[in-house]
There are 2 protein chains.
Amino acid sequence: MKKLVIFALIFSSISVSAQQARKDFKADRNLSASNYVAYPTPEKALTPAPKGYHPFYISHYGRHGSRYLIGTRDYDRPYLTLLKADSLGKLTAKGKEVLRKVKLIKDEAASRDGELTLRGAEQHKGIAHRMITNFPEVFEGKTHVDAKSTVVIRCILSMENALQQLLIDNPKLQIRHDASYHDMYYMNMGDKHLDSLKRCKTANDALNAFKQKHDNYDRVMRLLFNDDNYWKNEIKAGQLNNSLFKLASNMQSTELRNKVDLYDLFNDDEIYDNWLKNNAFWYIAYGPSPLSGGIQPYSQRNLLSKIISEADSCIALKHPGATLRYGHDTMVMPLTCLLDLDGLGKQIDDLEQLDDQNWCDYKIFPMACNIQFVFYRKKFGDKDIIFKVLRNENEATLPIKTDIAPYYHWNDFKAYFIQKLKDYQP
Amino acid sequence: MKKLVIFALIFSSISVSAQQARKDFKADRNLSASNYVAYPTPEKALTPAPKGYHPFYISHYGRHGSRYLIGTRDYDRPYLTLLKADSLGKLTAKGKEVLRKVKLIKDEAASRDGELTLRGAEQHKGIAHRMITNFPEVFEGKTHVDAKSTVVIRCILSMENALQQLLIDNPKLQIRHDASYHDMYYMNMGDKHLDSLKRCKTANDALNAFKQKHDNYDRVMRLLFNDDNYWKNEIKAGQLNNSLFKLASNMQSTELRNKVDLYDLFNDDEIYDNWLKNNAFWYIAYGPSPLSGGIQPYSQRNLLSKIISEADSCIALKHPGATLRYGHDTMVMPLTCLLDLDGLGKQIDDLEQLDDQNWCDYKIFPMACNIQFVFYRKKFGDKDIIFKVLRNENEATLPIKTDIAPYYHWNDFKAYFIQKLKDYQP
């Protein structure tokens with residue numbers, strides 16, 4: 001059994017085939033959780049740098065780690081729906097069991113709306129430790145780490161868990177850390193025009209039709225309720241299904257994960273259908289979907305400009321250290337697409353094709369997902385700067401030519417992306 | 001001159017006399033800044049513990065470090081008032097100079113509403129470093145630090161600056177850090193009944209009469225404006241004075257402190273009068289003033305209960321480490337009064353008597369002010385637990401008898417304060 005799982009995981013990472021996600025979920029249901037997936041430790045080996053080059057600077061943007069759900073209604077609504085049904089004698093034995101589980105989950109999350117979990121804290125310690133272990137030259141001696149977070153507490157605590165780990169690994173580090181509205185224009189940019197495109201009629205109609213097609217919860221409702229008329233007419237069954245799937249998805253974030261399982265409510269088809277709907281939503285809202293204008297990834301244009309300009313000013317220094325930034329999935333996903341990392345910037349017209357074309361949200365923005373630019377040079381003062389991009393700590397491709405893959409020439413990158421940002425028309 | 005200043009400082013710390021604050025401000029104007037005073041490094045030596053006793057646990061509550069002002073109107077209002085006056089030709093040369101200074105201050109604080117400053121970060125590193133240096137046994141080896149902050153970013157970053165310093169001093173520390181609404185019921189308790197007493201007619205009338213008596217800004221207005229009629233009738237001169245005094249007060253928080261001075265606007269009498277009004281406000285709103293019910297310090301009853309219960313559960317452990325909590329002046333001040341540290345819980349009927357009776361806000365809650373309970377025992381398992389309280393890192397007295405001052409017996413403390421909390425009637 002264990003061998004089978006390992007085989008499936010390896011297979012999923014090297015091959016793209018029809019409905020690959022369905023196979024991935026068979027190996028690990030937790031992967032169907034979209035943005036609630038717990039950060040997977042990277043397993044691929046890193047490619048040594050071309051001869052003579054040494055890493056000297058890292059520029060990073062990462063999402064907070066695993067967290068509780070946002071909005072108490074995520075916990076309260078399914079709980080109250082089941083509680084009421086129970087009081088009316090409408091729950092099956094399974095329904096009563098689910099009610100008990102939901103109460104446990106809700107109580108554990110009380111007053112912790114959206115907060116970082118212990119697992120989330122550990123993810124950031126791990127990422128930071130691997131960063132300093134894999135690139136010790138960047139963090140050597142009394143160098144600087146400039147860390148910034150959005151003003152959201154789970155991001156601040158993610159940053160601080162990373163920084164504590166770095167300090168344990170090198171107590172000499174000179175750390176500046178901040179979480180200020182002053183920096184939100186690039187750390188978490190708002191863009192009303194892009195937001196309006198997300199919600200335009202074309203996008204809404206397509207998403208709603210897709211969702212309707214993949215609604216798949218009758219069997220689950222019959223598992224929970226002893227009265228078809230009740231769940232069909234007295235409650236919002238689709239909403240309850242979504243809530244329960246969301247609770248199931250996020251169990252992996254908390255310390256209850258080995259004690260309470262809600263995935264047992266769903267069969268493989270239902271898990272796949274639930275995920276399909278969420279994946280389509282994310283592709284439209286934050287990906288390069290033509291339905292929402294094909295330009296959503298430009299929401300990260302300020303962030304990309306800042307990454308470029310800060311890198312240039314750090315390249316001018318002998319031992320710049322690292323620039324670390326902590327934010328959200330809603331930045332990492334569009335930035336991934338804007339950079340077209342591993343081809344994820346591609347436009348796909350048919351929402352049914354997302355999985356087949358390997359645009360799968362869980363591979364893009366698990367909790368604590370991150371993008372790291374690692375810069376190399378032969379010696380200080382050289383004009384010849386190369387770098388690679390790590391996407392969730394795995395080497396990623398860029399849409400530019402290179403003779404040293406997975407490394408790229410910084411000047412090629414700048415030429416391409418500064419032009420791309422210039423060409424952007426809202 | 002230097003000798004005089006040193007003499008004044010020593011004098012202020014050992015003696016209470018008529019209008020001591022006035023003398024303190026002559027030695028250092030920054031002290032008139034009430035809750036904006038930068039944390040003063042403690043200078044008094046600590047008393048060795050009775051023979052055979054060793055420190056084994058610290059319980060702490062501290063305020064965030066120096067910060068920017070809260071509310072952009074603190075910056076915008078005086079700026080716009082002066083700008084408009086300038087456009088009407090109503091400013092003197094000095095008024096124009098002040099306008100330029102206010103613009104500098106306002107620009108430096110842009111988008112940093114209430115945020116921790118660099119100086120604030122340094123204060124917390126210093127406090128943490130002295131804590132682990134003075135009580136190394138508490139933090140020895142692989143022990144635990146449980147740190148909690150209110151959900152306000154300047155408090156979180158204060159906590160994290162302290163924790164980073166502790167980790168530099170002992171990388172083996174096992175740190176839990178959190179900032180959750182889950183803990184706000186004691187970290188920053190709200191109490192509507194007490195709030196209503198703060199604003200009752202008795203309190204309001206007394207405060208307003210006191211403020212009116214000490215309004216003292218005609219000379220400053222004549223310095224700023226070339227037209228008496230203008231400042232008397234076209235602007236709110238009292239409000240402008242207060243704003244400028246607040247800006248002057250908080251200059252010590254930022255990196256502009258050695259470059260821009262606004263205190264030069266005020267003479268000694270004006271500084272004293274401005275402070276008197278602020279001190280009276282704080283005594284009524286958060287101190288034990290009879291005008292606001294004499295019970296305001298009970299706003300910290302949950303915090304005190306938590307300090308007691310957490311201490312008891314930590315005493316049961318062999319090597320508990322430390323419990324660190326990070327919040328606000330509006331907790332540290334009433335907690336100081338509830339504990340009656342150094343007699344600061346005393347009720348004073350006449351607001352004119354506050355200074356003479358040594359109830360001076362700047363000695364209670366500078367930025368980063370803190371209260372530390374340091375626990376000692378001879379060996380693990382002993383029932384005989386003693387402790388001392390450090391108030392801003394200086395040994396403080398409690399309103400209970402002791403044969404080992406400045407140390408106290410923990411059981412005596414509990415007997416007294418658990419009864420005190422029980423007797424509280426809202």
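The values are calculated or read from the model by the stated rules, or taken from the named source; none is laboratory data. Keep in mind that this is a model prediction, so the values were computed, not measured. Cβ sites come from the backbone with ideal geometry, for glycine too, and all protein chains shown count toward neighbours. In case anyone asks, the SASA skips ligands and DNA or RNA and just uses the protein heavy atoms, side chains included. Shrake-Rupley method; radii C 1.70, N 1.55, O 1.52, S 1.80 Å.
Listed values, structure above:
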{"item": "Any hit, the stretch B:58-67, residues being open to solvent by 50 Å² or more (accessible area, probe 1.4 Å), away from chain A (no Cβ under 14 Å), closer than 30 Å to B:CYS369 by Cβ and at pLDDT 95 or above", "result": "no"}
{"item": "Looking only at the stretch B:109-128, and only at residues there that are in a helix (DSSP H, G or I) and within 11 Å of chain A (Cβ to nearest Cβ), the one that is nearest to B:THR72 (Cα to Cα)", "result": "B:LEU118"}
{"item": "Subset of the stretch B:30-41 (residues that are open to solvent by 30 Å² or more (accessible area, probe 1.4 Å) and within 18 Å of B:ASP329 (Cβ to Cβ))", "result": "B:ASN30, B:LEU31, B:PRO40"}
{"item": "Some residue of the stretch B:170-185 being farther than 30 Å from A:HIS182 by Cβ, among the aliphatic types (A, V, I, L, M) and within 14 Å of chain A (Cβ to nearest Cβ)", "result": "yes"}
{"item": "Enumeration of residues in the stretch A:92-130 that are of a type in the set (Ser, Thr, Tyr), touching a residue at least 12 places away in the same chain (Cβ under 8 Å) and surrounded by fewer than 17 Cβ atoms within 10 Å (Cβ to Cβ)", "result": "A:THR92"}
{"item": "Filter result (without any contact (Cβ under 8 Å) to a residue 40 or more places away in the chain, within 30 Å of A:THR323 (Cα to Cα) and open to solvent by 70 Å² or more (accessible area, probe 1.4 Å)) within the stretch A:186-235", "result": "A:LYS192"}
{"item": "Odd one out for A:VAL138 among (1) at the interface with chain B (Cβ under 10 Å from one of its Cβ atoms); (2) touching a Pro at 6+ places or on another chain (Cβ under 9 Å)", "result": "(1)"}
{"item": "Residue within the stretch A:276-294 that is part of a helix (DSSP H, G or I), within 16 Å of the chain's Cα centre (by Cα) and small (Gly, Ala, Ser) present", "result": "yes"}
{"item": "Residue in the stretch A:402-409 that is exposed (fewer than 15 other Cβ atoms within 10 Å of the Cβ), within 23 Å of A:PRO48 (Cα to Cα) and among the aliphatic types (A, V, I, L, M) present", "result": "yes"}
{"item": "Those residues of the stretch A:236-251 which are under 16 Å from A:TYR68 (Cα atoms), open to solvent by 10 Å² or more (accessible area, probe 1.4 Å) and not aliphatic (A, V, I, L, M), in sequence order", "result": "A:SER243, A:LYS246"}
{"item": "Positions within the stretch B:259-271 being open to solvent by 10 Å² or more (accessible area, probe 1.4 Å) and part of a helix (DSSP H, G or I), in sequence order", "result": "B:TYR263, B:ASP264, B:ASP268, B:ASP269"}
{"item": "Any hit, the stretch A:376-383, residues being more than 23 Å from A:ASP195 (Cα to Cα) and buried (at least 23 other Cβ atoms within 10 Å of the Cβ)", "result": "yes"}
{"item": "Out of B:LYS236, B:LYS211, B:LYS192, sole residue that is basic (Lys, Arg) and within 30 Å of B:VAL151 (Cα to Cα)", "result": "B:LYS192"}
{"item": "Within the stretch A:156-174, considering residues that are of a type in the set (A, V, I, L, M, F, W, C) and within 17 Å of B:ALA147 (Cα to Cα), the one surrounded by the most Cβ atoms within 10 Å (Cβ to Cβ)", "result": "A:ALA162"}
{"item": "Extreme residue, nearest to the chain's Cα centre (by Cα), among residues of the stretch B:158-169 that are at the interface with another protein chain (Cβ under 7 Å from one of its Cβ atoms) and in contact (Cβ under 8 Å) with a residue 24 or more places away in the chain", "result": "B:LEU163"}
{"item": "Residue that is within 20 Å of A:ALA128 (Cα to Cα) and surrounded by 23 or more Cβ atoms within 10 Å (Cβ to Cβ), where the choices are A:TYR362, A:TYR326", "result": "A:TYR326"}
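Matching residues to (1) under 15 Å from the mean Cα position of the chain (by Cα); (2) outside any strand (DSSP E or B):
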{"position": "B:LYS346", "(1), (2)": "no, yes"}
{"position": "B:GLU352", "(1), (2)": "no, yes"}
{"position": "B:ASN358", "(1), (2)": "no, yes"}
{"position": "B:MET367", "(1), (2)": "yes, yes"}
{"position": "B:VAL374", "(1), (2)": "no, no"}
{"position": "B:ASP384", "(1), (2)": "no, yes"}
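Yes/no matrix, rows are residues, columns are (1) within 14 Å of chain A (Cβ to nearest Cβ); (2) at pLDDT 95 or above; (3) open to solvent by 30 Å² or more (accessible area, probe 1.4 Å):
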residue	(1), (2), (3)
B:ARG73	no, no, yes
B:ARG77	no, yes, yes
B:LEU80	no, yes, yes
B:ILE132	yes, yes, no
B:VAL152	yes, yes, yes
